[in-house]
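Report on one structure; see the data block that follows.
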């Protein structure tokens, strides 16, 4: 009996059931793993409603997350915008865990379910499992167990100490979340599955550390005790320290053990998301390139119809559209567009190189195996290094990029890079810096503590390009630091080269956390 093209289709029309989802997953896996060579965690696909998707938005896409008022506020805002037609919803949310969890909307058509499975369950999944930042900084095997522990721990704290007390600690920790990460490799990656056991061990260690640190601090009416040497004091406090949440968790003299554990929970979650902030272009570029290759191959092999392929192309084009600078929808560079464009450009360089490509990319030009090159790129780069290494003159011309400098000390704008060899190098170096967290995040470090005097905590902001902190925002966040520290806190904005102080902020604790 002959088999028609119609009989080979994975689905007919827009409707689907769970059997359809299984067939789609298996077909996508055959192409993604079998043909493209993707290496993925086992997949767990969960179907959710639009309201559940809004709820996932509110809690930053994490299952088993603890409760906080800000999540409810975010849910109400997103729900209102969605109901009024002012925003759409993502077709999926994917979790960097083992197994990799992909949430797909029940409102999606069968074509869109195929697209999001290819995009999330295989594209993002491969990137999570293989990129060096995720391997170095995140524990995909333990994150779900850790979230369950964190949710249970905070719930027990609310029952014992009250919702208001726990909420004050969470408010302060969330305000400092972007300053709660280790930016450089530590001795070993955190093992999140052991956190519940180690939580009890940490209390004993912290007590010993506090005894060493604070036993020499004079108290009212007590005899004078020998002072710590500066070297010993700074060693105990691990100064200077850029991870402010870590410093407060370990050294704040007035925090209770349960409050320190909450700071640690928020810090671990901030660290979990840190690689995602550095790989937005690459992560979305990888997933978009994979779904494009997989969907195209499904169409070529007759597993999806022409109508389904056109539906896919419309969605794909919308996602990868880059509005012009004067377009009302312009909001900067679309990471999907830039990432997908660069992945396609690398494929072109590998398979159809020009003389210019051979000069700029001698190691990959004409190699012929684009997927091998892309898998190596996805494993070993982040956005900043990826753009500085692989943004080609061809793509710069295609995107009509140029480097515009807005110097506040100059009366006019200046174009500093155009389409010549020197300009190409300068432009991609400048663009890559936009994705370097070392340039985008303020460099604020704890530099000293006045143990012998009023226990004032001193922080320095090393000012880059004369860009000072917003005064009101800095004061509000500094107030959170003071509340956690329990004593006055001073933040000095300094010129790194000369040590000159541009501005100084001071905050005193005005509410107790215990």
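Readers should treat all values here as calculations from the given coordinates under stated rules, not as data from a laboratory. Owing to the predicted nature of the structure, the values given are computational and were not obtained by experimental measurement. Methodologically, a virtual Cβ is constructed for each residue, glycine included, from the backbone with ideal geometry; neighbour enumeration extends over all protein chains shown.
Classify the stretch 474-514 as rounded, prolate or oblate, taking a ≥ b ≥ c as the square roots of the eigenvalues of its Cα gyration tensor: rounded when a/c is under 1.5, otherwise prolate if a/b is larger than b/c and oblate if not. Prolate, because a/c is 1.5 or more and a/b exceeds b/c. Computed from the Cβ-Cβ distance with R0 of 51 Å, the FRET efficiency linking residue 402 to residue 171 stands at 0.70. One decimal place: the segment residue 468-residue 44 gains 148.1 nm when fully extended, by the rule 0.36 nm per residue minus the C-alpha distance. Working from Cα pairs under 8 Å separated by at least six residues, relative contact order for the stretch 223-370 is 17 percent.
This ranking places 413, 115, 313, 236 by how few other beta-carbon atoms lie within 10 Å of each, fewest first, which gives 413, 313, 236, 115.
Taking every C-alpha pair closer than 8 Å and separated by at least 6 residues, the mean separation divided by the residue count of the stretch 442-507 gives a relative contact order of 32 percent. DSSP finds beta bridges in the stretch 442-507, and of those with both partners inside it, around 65 percent are antiparallel.
Where both bridge residues fall in the stretch 337-496, DSSP classifies roughly 60% of the beta bridges as antiparallel.
Is the stretch 352-443 best put as rounded, prolate or oblate by its Cα gyration tensor, with a ≥ b ≥ c the root eigenvalues, rounded for a/c under 1.5, and otherwise prolate when a/b is larger than b/c, oblate when not? Oblate. Taking 8 Å as the Cα distance limit and 6 or more residues as the minimum spacing, I'd like the relative contact order of the stretch 320-438 as a percentage. Worked out over the stretch 320-438, it gives 19 percent. Each of 94, 494 was scored by other Cβ atoms within 10 Å of its Cβ. Listed from fewest to most, they are 494, 94. Find how much the distance from residue 376 to residue 413 grows on full extension, using 0.36 nm per residue of separation minus their present alpha carbon separation; answer in nm with one decimal. This chain segment gains 9.4 nm when fully extended. Taking a ≥ b ≥ c as the square roots of the eigenvalues of the alpha-carbon gyration tensor, the stretch 442-507 is classed oblate because a/c is 1.5 or more while a/b is no larger than b/c.
Among 312, 127, the ranking by other beta carbons within 10 Å of each residue's beta carbon, starting with the fewest, stands as 312, 127. Between the stretch 484-498 and the stretch 110-174, how far is it from one alpha carbon centroid to the other, in angstrom? For the stretch 484-498 versus the stretch 110-174, the Cα centre distance is 32 Å. The slack between residue 355 and residue 500, meaning 0.36 nm per residue of separation minus the straight C-alpha distance, is 47.2 nm.
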